[in-house]
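The numbers here are math on the coordinates, done by the rules we state, and not lab data. Quantities reported herein were computed from a predicted structural model and do not represent experimental measurements. Virtual Cβ from ideal backbone geometry, glycine too; neighbours counted across all protein chains shown.
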Amino acid sequence: MTTLLIATRNAHKVGEIAAILGADFHCRPLLKEFPSAPVPVEDADTFSGNAAKKAVSLATWLESIGMTWGTDADHVFVLADDSGLEVDALGGAPGVHSARFAARDTGADGNSADADNNAKLLRLLADVPKEQRNARFRCVIALVEVNRAVPLLVPQVFDGACEGWIEFAPRGAGGFGYDPLFIPLGQTQSFAELGEQVKNGLSHRALALARLREWFSGNGGK
Ligand code: IMP
């Protein structure tokens with residue numbers, strides 16, 4: 001069995017990752033189990049830079065506190081995900097700043113409330129017609145194995161993108177983040193309306209995790 005220590009405080013993300021990967025992987029919420037784990041500032045200008053930084057620093061920290069997990073049959077990895085929304089009419093914004101899009105105007109600390117981010121996005125796109133509201137969610141996942149005899153801190157990186165467009169008003173109550181505003185290509189409902197099962201079949205995260213699964217079923221961390 002492969003254990004994945006999921007490095008995010010976003011419970012929705014942990015739930016999505018566990019639901020997408022299913023019973024072949026044991027997914028554990030790393031930052032819930034280790035609240036004192038130091039989470040690095042996500043200050044890279046790419047999703048992959050931030051995901052790699054998170055995975056490497058948390059794997060290094062776990063090694064430093066002497067966590068012992070894993071046997072020949074049980075491999076343990078830190079999995080860090082960095083994701084966000086790119087809107088063409090905004091030159092790719094909010095991009096790596098998706099989580100604190102609204103706070104960038106006020107200088108407030110920490111991530112912004114989803115409602116504030118969505119309100120800002122709608123305000124910026126107020127005069128943009130439907131045919132120019134193209135957008136995509138992107139997800140990059142970085143994976144670092146922990147508890148190896150010789151620590152190897154070079155992450156494996158997997159990415160996924162889901163194309164769509166931005167609605168004129170929020171729709172639906174499911175999901176998180178920008179889900180109520182994002183209509184995936186080929187659908188007429190938002191991610192928040194489509195529900196977890198449909199979203200997890202076509203999302204950016206599902207595509208990145210499909211690549212991760214392929215890697216494990218090839219040579220992978222085995
Ligand atoms: P991260 O936690 O730094 O990766 O920030 C990602 C941010 O991008 C989240 O706070 C959301 O605002 C947005 N985001 C990423 N993935 C999704 C998704 O699947 N649905 C809706 N919003 C998302």
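A crude spin-label estimate for the pair Glu163 and Leu185, with each label 7 Å from Cα along the Cβ direction, gives 0.2 nm. Cβ crowding within 10 Å ranks Val157, Val144 as Val157, Val144, fewest other Cβ atoms first. Assuming charge only on the beta carbon of Lys and Arg (+1) and of Asp and Glu (-1), the dipole of the stretch 93-222 about its Cα centre is about 300 debye to the nearest 20.
Go ahead and estimate [θ] at 222 nm for the chain from helices alone: -39,500 (n - 2.57) per DSSP H run with n ≥ 4, summed, over the residue count, rounded to 500. Helices in the chain give a 222 nm mean residue ellipticity of -10000 deg cm²/dmol.
Any idea what the dipole of the chain comes to, in debye rounded to 20, about its Cα centre with Lys/Arg Cβ at +1 and Asp/Glu Cβ at -1?
Numbers: 21 positive and 27 negative charges, 19 e Å.
In total the dipole reaches around 100 debye.
Along its first, second and third principal axes, ordered by size, the stretch 40-161 spans 58, 30, 20 Å in Cα coordinates.
Fewest first, what order do Ile141, Ile65 take by the number of other Cβ atoms within 10 Å? Can you show the working numbers first?
Values: Ile141 28, Ile65 9.
If I rank by nearby Cβ atoms, fewest first, I get Ile65, Ile141.
In this rough spin-label picture, where each label sits 7 Å from Cα along the Cβ direction, the Asp109-Ser36 distance is 2.0 nm.
Evaluated over the Cα positions of the stretch 10-52, the convex hull gives a direction-averaged projected area, one quarter of its surface, of 3.8 nm². For a modelled paramagnetic label at Thr60, 7 Å from Cα along Cα-to-Cβ, the residues of the stretch 106-145 in reach, with backbone nitrogen under 20 Å, are 141-145.
The translational diffusion coefficient of the stretch 2-217, from Stokes-Einstein at 20 °C and 1.002 mPa s with a Kirkwood hydrodynamic radius over alpha carbon pairs, comes to 120 µm²/s.
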